[in-house]
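One structure is given here, and the rest of the page talks about it.
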Amino acid sequence: MANLKEIQRQIKSVSNTQKTTRAMKLVSTAKLRRAEELAKRSRLFAQKTNQVIAEIASRIHCNKIGGIQNRCFVQNDAPETIDIIFVTADKGLCGGFNMQTIKAVKRLMSEYKNKNVNVRIRGIGKKGIEFFTFNKVELLDEVKNLSSAPDMVRSSEFMARSIRDFNDGIVDAVYLVYNGYKNVITQELHINQILPVSIGDFDCESAKNTVLELEAQDEEKMLDSLVNKYAEYNMYYALIDSVAAEHSARMQAMDAATNNAKQMVKSLTVKYNKARQEAITTELIEIISGVESMK
Amino acid sequence: MHTLNLEVLTPSGSIFNGPVQSVTVPGEEGEFGVLSQHVALTTLLKAGVIDIIQENGKKQSIVVNWGVVQIANNIVTVLVDGAVAIRGDSESDVAKALEEAKALISSVADSSAMIASVSARVESAAHSHLF
């Protein structure tokens, strides 16, 4: 009989868990919808900004325009110090979402360490920070409670330090690692080189005939403020994208958890019924054998 | 009629996208107009008003606080931080947009003279929209 009680208790506990996971899934679904909307609206702007800046960078690169000494547009093949900025969630229970980012950061880190490059890590998001602190990896900066509620002002402040250090020559490259939203069931890991502006696969041939036309008395100032905006906005967009991805990852994880709990309740119920029948059979045998012995 | 394509984008979405006859933007070095076949150009914008003359001759104004404009191949791309379009079906809609636009300008402009001049421009734009 004790066994029966035990199973009953298990069933109850599992179905309680199921209730929690289902509620979490519903919450994530609702939050995802909002985050997705925000990310979608910002995506176009982010793309265009990157496009404009990449075009300027590649024109400068291809045409070797004299006079532009801005560090942000000069490709550096042998960096001495790099910044890696990562964005993880503040909360767990979202499958491999955080771990994917952490692994990518670790990979990038060891890749550069092998080349004897000094790596500075700047983290956003509790989960990633906890991981690196636990593994005794030194973090230059830790920002919590930003990835769950993206804020333009705070993210700009955070990015400003990297931009400043880059302009002062302390850092030679800035990378941004985050897990972005692709669609409801997939997340996409992004490892973006923010500074110097990466020129991607821009074709020099197509730029040959056109000239970079910058109106402004001092191009330096214009490029400076443009790069600032570009870097800040990329940071902010990474946060928005990451939130959307986090919710979609959590939604999926909680959906899987709910299904698992359902399966478990099912198999436990079967086990319970078997045990119950066994108990009845045993009792019957006892009664019958008692009656037999009295004859 | 020669037209050019204008796209005004803000971090929270596209505010204008379509063919226009001409567009006047508040460049860092001064206001300038863009017609079709304009030479390729990339420059910064300061706080001010973007005046658009649409394909059908209708006027529209958008107030911006900061931005960058890229002109290439008859496509004008304006990337701005914050923008308010002065449009609406009723007077109250326009008045509301006007309020928002003034708030946007006073949040970035550093001199009161600049705020005043932009506000005046915005109000006249709103008037021409209504009447």
From the cross-link list A:103/A:266; A:103/A:271; A:31/A:262, the entries with a Cα-Cα span beyond 31 Å are A:103/A:266; A:103/A:271
Residue mean of other protein chain beta carbons inside 10 Å, A:46-55: 3
Tail beyond 29 Å, pair distance distribution of the protein assembly as shown (Cα, percent): 58 percent
Give the angle, between 0 and 90 degrees and rounded to the nearest 10, that separates the Cα long axis of helix B:112-130 from the longest principal axis of the Cα atoms of chain B. 80 degrees
To the nearest 10 degrees, how steeply does helix A:97-114 sit against the main Cα axis of chain A, on a 0 to 90 scale? 50 degrees
Charge tally for neighbours of residue A:250 with beta carbon under 10 Å away, counting Lys, Arg as +1 and Asp, Glu as -1, is +1
Please compute, over every Cα-Cα pair in chain B, the percentage with a separation greater than 17 angstrom. 54 percent
Helix B:91-108 vs. chain B, principal-axis angle (Cα, 0 to 90°, nearest 10): 80 degrees
Ranked by how many other beta carbons lie within 10 Å on average, peptides B:64-77, A:15-28, A:235-248 from highest: A:235-248, B:64-77, A:15-28
For peptide B:38-45, compute the average count of partner chain beta-carbon atoms within 10 Å of each residue's beta-carbon. 5
So for the protein assembly as shown: antiparallel DSSP bridges make up what percent, rounded to the nearest 5? 70 percent
What's the ranking of A:126-132, A:251-257, B:90-96 by average number of surrounding C-beta atoms within 10 Å, highest first? A:126-132, A:251-257, B:90-96
Whose amide H sits under 5 Å from the amide H of residue B:16, counting only residues 5 or more places off or on another chain, with H placed in the peptide plane? B:8
Can you give me the relative contact order of chain A as a percent, contacts being Cα pairs under 8 Å and 6 or more apart? 32 percent
Tell me, what is the percent relative contact order of chain B, built from C-alpha pairs under 8 Å that lie six or more residues apart? 21 percent
Which lysines does residue B:96 reach when only Cα atoms under 20 Å apart count, and residues fewer than 8 places away in its own chain are ignored? B:59
Low-density loop trypsin sites (Lys or Arg not before Pro), region B:1-60, at most 16 other Cβ within 10 Å, DSSP non-H/G/I/E/B, are B:58
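Throughout, read-outs are computed from the coordinates displayed, never taken from laboratory work. What you are looking at is a predicted structure, and each value in this text was computed from that prediction instead of being measured. Neighbour counts are summed over all protein chains in view; Cβ atoms, including those assigned to glycine, are modelled from backbone coordinates with ideal geometry.
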